[in-house]
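Here is the structure we will look at, set down as structure tokens.
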Ligand code: NOJ
């Protein structure tokens, strides 16, 4: 393991960082109450350092009733007491920084929780008050306002409006415990600027901005004038005329955030989570006078397919260059079915969250998923991603090759997408099951006591635990460690040159340092492209079990099926 570099004042650290997403409630539980916490993260800093990442992104750890896994925030400037205290946060941050790891925290600006001080004040105040003006309250339709202002549906299913008992309704584009804020009200932005300064002053390095495209709304006061769902759906979002999606004014808000980020040394960074209608729209969030970077989910939504991968890579590299940013690559996060499982669905087509949820609903678990094939493809795809120019994001547990837990008992499920859609969507809990750290024990090392973890771990988690994989050179953990170490050594300019492979299912490219990555998406072995075999390149690493160990093997004449090889030449 190479020594970690000390954090430098490099303002561009984010451009090609390897960022590891921690879902705090499911990472490590130091207090032993069944819920992961900040001390648990601090205790695992050595693990994170050995993994070789540049930064962690923490999903929300703020006080919350957990109506949406913490994305329902009661107080943006505190820590959930079950997860620790602000002092624990400072200690965790210091330990991560000491290990050379930067910290990105999650900011949720579209909605607060219904327990937030502002929302409680709004409910206690009359129609037309300043307190209600911080949210999106509208009169209901019907004589006494007994009908919702419109027929809009929330993203989690069910109506997007909730009555408060006096003829008014409030908008919630997600769960009813997540009232949408009114971003036309300057006080709302002032409050968030204060929050950004609060965490920046504490030393956080950057922010992940939740549903960054949704903040602004254009919703008439008169409910009769509010357009229907069908009318809203028919609007081309790129025009900026949808009542809440992709309204261009959000970039003016983010320009004010940028001033805060740039007032620190090094400037704080931000990455937008914005599921928008086109890569071009996404690039607007990545401009240096907006948030600066924007999640690119295109590969996460793609099949394990060479043509799809190549066109997505080409398009996103071109777009990020034009915006002056770097792109972000990601295959898994806390909202989607884990990629080892998606790639194991047969047929492979129709992956992504919906496809995966569909499979889960059909009761597929063990026999519907080709677990080995899925993991093999996942390892190949992850290595390809890590070799690309730009930022690479990984989600806790993917470095262990974890699969989705498809067969969670309905009684243990917590996700509002499940609770609001019984029988339709099983929700996102299957990728949020606590990490297995050891082969045995009550919670496979997740908790310090015998307390049951907040989501039950299946028995098969034991063989993918950190303990089981730690010293196994063929494990996915060993592969990630070695790949991230090599990435650190070989990373150079954000350039990529495609190499001729002579085979449809094979993609190969070279980075300026001579780092070559070649992926065979087909099931059968394919000849190593001549451009590589004739260059005298040295084999560095393979995603396949055959040469998973860390010592370079002889350059093979062919690339095994569903495998990525890294070479240097
Ligand atoms: C996106 C987050 O990733 C997701 O987990 C959450 O449910 C929604 N935003 C609402 O905040």
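Below are the figures for this structure:
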read-out: Candidates 128, 140 - the one that is outside the structural domain of residue 47 (by TED's automatic domain parsing), over 24 Å from residue 201 (Cα atoms) and free of Cβ contacts under 8 Å to residues at least 60 places away in the same chain; value: 128
read-out: Some residue of the stretch 386-396 being within 16 Å of the ligand (Cβ to nearest atom), modelled with pLDDT under 90, assigned to a loop (DSSP other than H, G, I, E, B) and under 20 Å from residue 460 (Cβ atoms); value: no
read-out: Residue in the stretch 61-68 that is buried (at least 22 other Cβ atoms within 10 Å of the Cβ), in contact (Cβ under 8 Å) with a residue 24 or more places away in the chain, within 13 Å of the ligand (Cβ to nearest atom) and within 24 Å of residue 405 (Cβ to Cβ) present; value: yes
read-out: Unique match (being more than 16 Å from the ligand (Cβ to nearest atom), farther than 24 Å from residue 461 by Cβ and either modelled with pLDDT under 90 or touching a strand residue (DSSP E or B) at 6+ places or on another chain (Cβ under 8 Å) (or both)) among 324, 423, 344, 355; value: 423
read-out: Answer residue from the stretch 209-224, given it is under 15 Å from residue 152 (Cα atoms) and outside any loop (DSSP other than H, G, I, E, B) and is farthest from the ligand (Cβ to nearest atom) among those; value: 224
read-out: Single residue of the stretch 69-84 satisfying the filter (within 18 Å of residue 120 (Cβ to Cβ) and in contact (Cβ under 8 Å) with a residue 24 or more places away in the chain) that is farthest from the ligand (Cβ to nearest atom); value: 77
read-out: Residue 308, sole failed condition from (1) surrounded by fewer than 16 Cβ atoms within 10 Å (Cβ to Cβ); (2) in contact with a helix residue (DSSP H, G or I) (Cβ under 9 Å, 6 or more places away or on another chain); (3) in contact (Cβ under 8 Å) with a residue 12 or more places away in the chain; value: (3)
read-out: Filtered residues of the stretch 156-169 (kept if out of contact with any helix residue (DSSP H, G or I) (no Cβ under 8 Å at 6 or more places or on another chain) and at pLDDT 95 or above); value: 159, 160, 161, 162, 163, 165, 166, 167, 169
read-out: Total residues in the stretch 500-520, condition surrounded by 19 or more Cβ atoms within 10 Å (Cβ to Cβ) and under 14 Å from residue 387 (Cα atoms); value: 10
read-out: Residues (more than 16 Å from residue 107 (Cα to Cα), modelled with pLDDT of 95 or more and within 23 Å of the chain's Cα centre (by Cα)) located in the stretch 252-277; value: 267
read-out: Leading residue by the ranking (farthest from the chain's Cα centre (by Cα)) among those in the stretch 409-420 that are within 14 Å of the ligand (Cβ to nearest atom) and in contact (Cβ under 8 Å) with a residue 40 or more places away in the chain; value: 420
read-out: Residues of the stretch 98-125 that turn out to be touching a strand residue (DSSP E or B) at 6+ places or on another chain (Cβ under 8 Å), within 18 Å of residue 172 (Cβ to Cβ) and either at pLDDT below 95 or part of a loop (DSSP other than H, G, I, E, B) (or both), as a count; value: 3
read-out: Number of the condition not met by residue 95 [criteria: (1) more than 16 Å from the ligand (Cβ to nearest atom); (2) touching a strand residue (DSSP E or B) at 6+ places or on another chain (Cβ under 6 Å); (3) not in a loop (DSSP other than H, G, I, E, B)]; value: (2)
read-out: Residue 100 under 30 Å from residue 484 (Cα atoms), touching a residue at least 24 places away in the same chain (Cβ under 8 Å), surrounded by fewer than 23 Cβ atoms within 10 Å (Cβ to Cβ) and within 15 Å of the ligand (Cβ to nearest atom); value: no
read-out: Matching residues, the stretch 426-462, being within 25 Å of the chain's Cα centre (by Cα), away from the ligand (no atom under 16 Å from the Cβ) and not in a loop (DSSP other than H, G, I, E, B); value: 447, 460, 461, 462
read-out: Residue 406, sole failed condition from (1) modelled with pLDDT of 90 or more; (2) away from the ligand (no atom under 16 Å from the Cβ); (3) in a loop (DSSP other than H, G, I, E, B); (4) surrounded by 21 or more Cβ atoms within 10 Å (Cβ to Cβ); value: (1)
read-out: Qualifying positions in the stretch 161-198 - assigned to a loop (DSSP other than H, G, I, E, B), within 19 Å of residue 126 (Cα to Cα) and more than 16 Å from the ligand (Cβ to nearest atom); value: 164, 165, 166, 167, 182, 185
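The values are calculated or read from the model by the stated rules, or taken from the named source; none is laboratory data. Everything numeric here is computed off the predicted structure, so don't read it as measured data. Note: ideal-geometry Cβ built from the backbone for every residue, glycine included; neighbour counts use all protein chains shown.
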